[in-house]
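See below for the structure under consideration.
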Amino acid sequence: MRIPACLLALALLTPAIANANEGPQREDGGRRRARAGGLGYMQLGTHIGPVGDIGGALRAPNALGDRATSPEFGYTFGGGGRALLLRRLVIGGRGFGLFTPRVGGQRGFATVTAGGGGFELGVAAVNRKAWLLIPYVGGGAGGMTVEVANESDAPLAVADDEPIPVEGRRSYDAGFGYIEFGVATHRLLFFGDGGLALGLDVGGMISVAATPWNTGGRDLEGIDRPRLRGGFLRLTIGGGGFTFD
């Protein structure tokens, strides 16, 4: 799998965050740390890498033509939550949607969308009043849809499906599991023990155990199973509260 450019941000961000605002001291001179609590958040970001991997089927002469490609990036939105336990253990979950720019050929165009959700398990490697830095791994499941539009003056066909009529559209669906790994940062803008949190997630994702593409309950032959792989960069905004010691 290609290493996307956004993963390079990890090496740049980690030292700066680890040496960021130390937060206020306790009365005994130590640094305050969150002991337990949680955050809820919304996310907006980008996915950099193949979405669907359907270019081979779309480039067929009876499909969109040899200029058709697979989407190579997309925009994501979603939300979730993370709970901190025993100062270090982080358990979370999230849901997401992914949208790509349409890809075209001589005979029409296609759009790919995806969505899903899953869990996260991480460790608060940096835990100070002002900052949390959380390396994590996660996994889950989702679905993907390709919609093909025929803008030519003759029917077109994808794989072994029935032809799509002139000015017609047809959708193809598939499911997949996924594994992801990343680092999340949260800058806590608290007033007391609660308040807002702004952050950034960077990492990578790869789909696993994909199902065949299907339409109308029938699996298609002659088309690769869907893949979702690459890197992500997500901005987070949310809030919550912690107990500190």
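Look through the range 44-96, keep the residues that are of a type in the set (A, V, I, L, M) and outside any strand (DSSP E or B), and return whichever of them is nearest to THR113 (Cα to Cα).
Only one residue tops the list, namely ILE54.
Just one of (1) buried (at least 16 other Cβ atoms within 10 Å of the Cβ); (2) closer than 23 Å to ARG32 by Cβ trips up LEU233, so point out which.
Of everything listed in (1) buried (at least 16 other Cβ atoms within 10 Å of the Cβ); (2) closer than 23 Å to ARG32 by Cβ, LEU233 misses just condition (2).
Any residue that is at pLDDT below 95 and part of a loop (DSSP other than H, G, I, E, B) - is there at least one of those in the range 226-237?
Within the range 226-237 (the criterion being at pLDDT below 95 and part of a loop (DSSP other than H, G, I, E, B)), the answer is yes, since at least one residue qualifies.
Check the range 117-136 and report whether any residue there is assigned to a loop (DSSP other than H, G, I, E, B) and polar (S, T, N, Q).
There is no residue in the range 117-136 that is assigned to a loop (DSSP other than H, G, I, E, B) and polar (S, T, N, Q).
Restricting attention to the range 120-142, does a residue exist that is out of contact with any Phe, Trp or Tyr (no Cβ under 8 Å at 6 or more places or on another chain) and farther than 20 Å from ALA34 by Cα?
No, the conditions are met nowhere in the range 120-142.
Give the residue, chosen from VAL112, VAL146, VAL123, VAL166, that is closer than 18 Å to GLY203 by Cα and not charged (D, E, K, R).
VAL123
Out of LEU189, LEU200, LEU196, LEU156, report the one residue that is in contact with a strand residue (DSSP E or B) (Cβ under 6 Å, 6 or more places away or on another chain) and free of Cβ contacts under 8 Å to residues at least 12 places away in the same chain.
When all the criteria are applied, what remains is LEU189.
Output the residues belonging to the range 207-225 that are surrounded by 16 or more Cβ atoms within 10 Å (Cβ to Cβ) and closer than 20 Å to PHE181 by Cα.
Those that are surrounded by 16 or more Cβ atoms within 10 Å (Cβ to Cβ) and closer than 20 Å to PHE181 by Cα: SER207, ALA210.
The values are calculated or read from the model by the stated rules, or taken from the named source; none is laboratory data. Quick caveat, the model's predicted, so the values are computed rather than measured. Glycine also receives a Cβ, built like all others from the backbone with ideal geometry; neighbour counts cover every protein chain displayed.
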